[in-house]
């Protein structure tokens, strides 16, 4: 329920999808937790902001006259949120039950948890589970990264890290954020809540997403990988994007263009490279290839929080 003293801020960034957004907002207002709902309108031209004002007067709306991109707007939302936890869903997703935010807040009961995945599944056409719950509900399970449409973050850490890397613009910001979060000594936890239902919008652009995904997969190792591991990781990321199954020559062309753009952006933003510790890099790759790991098995591998506090002061 909407509250002047929210425990969580639900953030939805949107652009020209007011019909999908309407369903997302209805599901937000059914949540039992004390929340605020913040919609960031990324330059819509279909009357999205007016729809929110007319139909959902308790929802905060922040509109940009010109599109700045999903990632920039999510970072902006982090600075605007009033609650200590930010819950993010896409405008084409809905909460499957009224208890999900309460369940997700309970997953921040460990001091090392900086982000929580929320289980979700695609339900447009064939139902596919994309982010599952943990293998058991008793342990704390660390995973590689969350997905933009279904996660929660500690706002203080989000601000400390500067939010998402703006130059990524679209796609891939989650993995980049999670490895930087791990470098601070905090894990992304598999959430134990109920499922978010994702109705992937038909207005999503496959060519655009293909191009940005290829570009950002190349930029990920450039920004984050220690120098000794960089050549192999960079070559592997490039080859994986070239070999990724794509339907049609047009999409393949967009992937090649994205890789080339990533190479150019490495040179343009040369000074922004900030690799993580080698121990953190190895742990992140382990989570990537082995899947979720119970926290007690990796606790000794994490940076010590007092050391991090000294480094960031």
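Can you find a residue that is touching a strand residue (DSSP E or B) at 6+ places or on another chain (Cβ under 7 Å), surrounded by fewer than 23 Cβ atoms within 10 Å (Cβ to Cβ) and under 21 Å from residue 298 (Cβ atoms) anywhere in region 217-231? Quick ask: steps written out before the conclusion?
Residues of region 217-231 that are touching a strand residue (DSSP E or B) at 6+ places or on another chain (Cβ under 7 Å), as a first pass: none.
Checking region 217-231: not a single residue is touching a strand residue (DSSP E or B) at 6+ places or on another chain (Cβ under 7 Å), surrounded by fewer than 23 Cβ atoms within 10 Å (Cβ to Cβ) and under 21 Å from residue 298 (Cβ atoms).
The residues listed here are 213, 283, 251; of these, the one that is crowded, with 16+ Cβ neighbours inside 10 Å, under 21 Å from residue 170 (Cα atoms) and in contact with a helix residue (DSSP H, G or I) (Cβ under 6 Å, 6 or more places away or on another chain) is 251.
In this structure, residue 148 does satisfy being in the same structural domain as residue 124 (by TED's automatic domain parsing), touching a residue at least 24 places away in the same chain (Cβ under 8 Å), touching a strand residue (DSSP E or B) at 6+ places or on another chain (Cβ under 8 Å) and surrounded by 15 or more Cβ atoms within 10 Å (Cβ to Cβ). Taking the criterion of being at pLDDT below 95 and in contact with a strand residue (DSSP E or B) (Cβ under 7 Å, 6 or more places away or on another chain), would at least one residue in region 171-180 satisfy it? The answer is no; no qualifying residue exists.
Tell me, please, whether a residue that is crowded, with 22+ Cβ neighbours inside 10 Å and over 14 Å from the mean Cα position of the chain (by Cα) can be found in region 58-80. Among the residues of region 58-80, not one is crowded, with 22+ Cβ neighbours inside 10 Å and over 14 Å from the mean Cα position of the chain (by Cα), which makes the answer no.
When region 88-99 is limited to residues that are in contact with a helix residue (DSSP H, G or I) (Cβ under 9 Å, 6 or more places away or on another chain) and more than 19 Å from residue 17 (Cβ to Cβ), the one that is surrounded by the most Cβ atoms within 10 Å (Cβ to Cβ) turns out to be 96. For region 295-312, the criterion of being under 20 Å from the mean Cα position of the chain (by Cα) and modelled with pLDDT of 95 or more is met by none of the residues.
The values are calculated or read from the model by the stated rules, or taken from the named source; none is laboratory data. Keep in mind it's a predicted model, so treat the numbers as computed, not measured. Methodologically, a virtual Cβ is constructed for each residue, glycine included, from the backbone with ideal geometry; neighbour enumeration extends over all protein chains shown.
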